[in-house]
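What follows is one structure encoded as C-alpha cells, with my remarks underneath.
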Amino acid sequence: MKNNMYIYYDKEGDFLEITLGVRTKGYFRDAGEGISERIDEKTGRVIGLAILSFKKRTEGMKDFKIKLPLTFENNF
C-alpha cells in the first residue's frame, strides 16, 4: 500500500491532485504555472502534486503530455 498512487479530480474546480504513497499531513508549495507540490509536513519530502486547470490544459490533445516545472524522485 505504501507505493500506491492516489488520483483525485474535482471536475467543477478543474483540479487534479496526485498523491504518492500513504497520504500524510502536508501542505502545498507553489511550483509555478498552476502546479503545486504537496510536501510532507514531517519529512519535507514531495509526496504529490496538484494541477490547476487540468482539463483546460489537455483539451484538444489526442495524447496529452504535460511538462511539469518539477521532478519527482521515487523514494517511496
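Read-outs throughout are calculated quantities, based only on the coordinates presented, and are distinct from any laboratory measurement. A quick note: this is a predicted structure, and the numbers were derived from the prediction, not measured. Using ideal geometry, Cβ is built from the backbone for each residue, glycine included, and neighbour counts are taken over all protein chains shown.
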Subject >> Where labels lie 7 Å past Cα in the beta-carbon direction, separation of residue 23 and residue 6 in nm >> reply: 0.4 nm
Subject >> Global form of the range 1-42, assessed from the alpha-carbon gyration tensor, a/c cut-off 1.5 >> reply: oblate
